[in-house]
Amino acid sequence: MGSNGEKGQKDFLTAALLSLFLGVLGIDRFYLGYIGTGILKLVTFGGLGIWYLIDLILIYTGSLKSANKKPLANRTKNLKTAIIILTVYLALLILLGATSPSSNKSNTSTKQSKQTTTSTTTTPAKPKPTAPTPANSTAPSTPAAPTVTVSQKNAVNKAKEYLSTQAFSHDELIDQLVFDKFSTTDATYGVDNSGGDWNAQAAAKAKEYMSTQSFSRQGLIDQLVFDKFTQDQATYGVNSVDL
């Protein structure tokens with residue numbers, strides 16, 4: 001590819017061609033005497049292409065010297081030749097890319113798609129005769145199982161925990177779960193699936209109030225309604241304490 005100039009100088013054209021064709025393997029670095037970076041460039045495949053491009057530019061511009069700090073020999077003489085080779089190489093790569101099987105396949109697919117679209121829009125579809133279906137031959141459809149989220153499962157467990165220790169109305173327990181940072185949807189799901197007996201909860205709440213305070217019958221009903229029990233649930237709770 002060329003010979004060295006002064007003693008210790010590396011030939012520019014040789015370095016340029018090695019960088020262009022084998023730079024991704026670090027051969028240009030080995031040629032210039034950079035053994036360590038040559039190995040690193042080899043194992044990284046030219047720094048994933050980035051290092052390859054940088055070294056190619058540095059060699060062509062004369063910025064990269066050999067390891068002994070001497071400039072590359074015969075650069076001025078062979079620069080035009082190196083540029084012509086680079087140009088031809090890039091043109092071949094572009095030509096090969098344009099004529100590659102994948103490119104042809106993509107173009108063929110596009111043409112087929114256009115033809116299909118044209119055929120669809122210009123040719124009316126003929127209705128296919130359908131065979132009569134016996135009344136008893138329809139298979140029953142199986143409904144998809146509802147998906148329960150982790151948050152909804154946690155809301156159910158939390159609601160059960162509260163009901164095991166305190167008396168709550170349905171809506172009051174929803175508010176408590178929302179206060180515990182569950183969404184309104186998850187909180188409602190948790191309460192609805194907690195197995196709570198709201199009449200029993202009203203009775204337990206009424207018993208709690210009667211153990212600490214004195215109430216008239218209507219006053220206790222109003223208190224339970226205030227706690228978001230329904231009128232019927234509140235009445236049931238008051239009746240349970242014989243008020």
Legend entry - P(r) of the range 150-240 over all Cα-Cα pairs, binned every 5 Å from zero, in whole percent: 3, 17, 26, 20, 16, 11, 6, 2, 0
Legend entry - Rough spin-label spacing in nm, given labels placed 7 Å along Cα→Cβ, for Lys207 and Leu53: 7.9
Legend entry - Whole-Hz couplings from phi, Karplus 6.51/-1.76/1.60, listed for the range 8-21; x for Gly and Pro: x, 7, 9, 6, 4, 4, 4, 4, 5, 6, 5, 5, 5, 9
Legend entry - Residues whose placed amide H lies under 5 Å from that of Ala73, excluding near-sequence neighbours: Gly5, Lys10, Asp11, Phe12
Legend entry - Cα centre as origin, Lys/Arg/Asp/Glu Cβ charges: the range 12-98 dipole, Debye: 340
Legend entry - Cα-projected label distance for Lys69 with Phe21, points at 7 Å along beta-carbon direction, nm: 3.3
Inset, instruction - Return the aspartates and glutamates within reach of Lys65: Cα separation strictly under 19 angstrom, same-chain partners fewer than 8 residues apart disregarded; answer none if there are no such residues. - result: Glu6, Asp11, Asp28, Asp55
Legend entry - Residue-by-residue Karplus 3J(HN,Hα) for the range 149-161, coefficients 6.51, -1.76, 1.60, Hz, glycine and proline x: 7, 4, 4, 5, 4, 5, 5, 4, 4, 5, 4, 5, 4
Legend entry - Calculated FRET efficiency for the pair Thr142/Asp232, C-beta based, R₀ 35 Å, to 0.05: 0.40
Legend entry - Separation in nanometres of the label points that stand 7 Å from Cα toward Cβ, at Asp242 and Thr76: 12.2
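FYI, it's all coordinate maths here, none of it is from the lab. Everything numeric in this text was worked out from a predicted model, so none of it was measured. Methodologically, a virtual Cβ is constructed for each residue, glycine included, from the backbone with ideal geometry; neighbour enumeration extends over all protein chains shown.
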